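J.: Before I ask anything, here is the structure I am working with.
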Amino acid sequence: MGEPLVSILVPVYNVAPYLEQCLDSIRAQSYREFEALLVNDGSDDASPYICRSYERADSRFRLIDKPNTGVSDSRNRAMDQAQGKYLQFLDGDDWLTPDATDTFVHAAESTGGDLVISHFYRVAGDRVAQRGHIKTERVLTRRDFAEQMMKAPANYYYGVLWNKFYRRSIVEAHRLRCPAGVNWCEDFLFNLDYIEYARLITAVPRPLYYYRKRGDSLVNTQSTLRRTIATKRMTFDYYKELYQKLDLYEEQKAGVYRYLLSAATDGSVGLLASRLGAEEQPIL
C-alpha cells in the first residue's frame, strides 16, 4: 500500500509578496504524496499569476479561481475538491517547516489520532518565537483535549486550522465546513465542530508552521468592536455546546464562561482584550 495522499489547502488573497515563500515550502516537503489546492479569492495583485506558474511547473499544484467571497468560502471550495486521506491547511502568507507534512502523517498513522496538533512559530518582522500549549507528546481523548483547551480557550494554538491535521473522512461524514460569511474565528468554529467527532487527538510539541503576524491582516483591518463582540458571542455558543455534549459543562461551567473574557491571541494582547482592557494569559 502506498503512502496516504494529503490535501494541502491554501486560500489566496492579495499575498503576492509572500506567496512564493509559501508555495516553495510546500514543494520542499520531505513528504511527497500531496496535492496542493490553491484557491484564489479574486485577488487583484500578482497572486493568481504566481499560482499558475506553480501549477504549470508541478502537477501536484492546482489553482481554483473564484470571485472574492471570503476565506471561509475559499477553504470550503478546497475541501469540496480535496481527494486526500488527510487535510492540511496553510495560509498564503505563511510557510511550513520541511518536515511538517511528514510529521503530521507519521503522528496520525502511528497513533490513530483523528486530529494532530502542533506548536508553531510566530514571526513578527525579524522576531521569531515558538508558540504552543500542550508541552508533551501525547494522545488525548476528546474529553482530555477539551479540558486542556479550557486552560487557554481563545489561544491561537486551539483556534486556528493551520497547526492541525484532519481526517477527511470525518469532515465529509459530518459535512463539516467553515461558516459562510464569517472571516474571523471561522477556523475556531470549524475546530469545535470537528472535535465533537474526533476520537483521539495527538499532540506534537514541535513547531511545524511559520505564522506571519501582519498589521494589514483581515482581522486587524476589518474588525470593529461591535463585530468582534458579536463574533465572540456566536463562538461562545459553539464552545458551550461542545462542553455540554461532552458532559463537562456542569462541572466546568466557570471555566467555560471564562472564554467570554478571554481574547483571541497568538501570545500578544488579543484584539478584543486590547479594546476592552482585558489581558490573555501567556501561551508558554
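Throughout, read-outs are computed from the coordinates displayed, never taken from laboratory work. Quick caveat, the model's predicted, so the values are computed rather than measured. Using ideal geometry, Cβ is built from the backbone for each residue, glycine included, and neighbour counts are taken over all protein chains shown.
J.: Arranged by the count of other C-beta atoms within 10 angstrom, fewest first, what order do HIS119, HIS106, HIS174, HIS133 take?
T.: HIS174, HIS106, HIS133, HIS119
J.: Moving to a separate point now. For the stretch 96-199, what is the charge dipole size about the Cα centre, in debye to the nearest 20, if Lys and Arg each add +1 at the Cβ and Asp and Glu each add -1 at the Cβ?
T.: Using Cβ point charges on Lys, Arg, Asp and Glu, the stretch 96-199 gives about 200 debye.
J.: Right, next: Around ASP94, which amide H atoms from residues at least 5 apart in sequence, or from another chain, sit under 5 Å from its own amide H, with H modelled in the peptide plane?
T.: Amide H neighbours of ASP94, under 5 Å, 5+ apart: none.
J.: Put a dot 7 Å past each Cα toward the Cβ at ASN68 and ARG52; how far apart are the dots in nm?
T.: Spacing of the two 7 Å Cα→Cβ label points: 2.0 nm.
J.: Counting only residues 5 or more places away or on other chains, whose amide H sits under 5 Å from the amide H of PHE165 once H atoms are built in the peptide plane?
T.: Here the answer is VAL116, since their amide H atoms fall under 5 Å of that of PHE165.
J.: Modelled label-to-label distance, SER110 and SER59, 7 Å Cα→beta-carbon offset: nm?
T.: Roughly 3.2 nm, to one decimal.
J.: What is the sum of charges, Lys and Arg at +1 and Asp and Glu at -1, for the other residues whose Cβ falls under 10 Å from the Cβ of GLY42?
T.: -2
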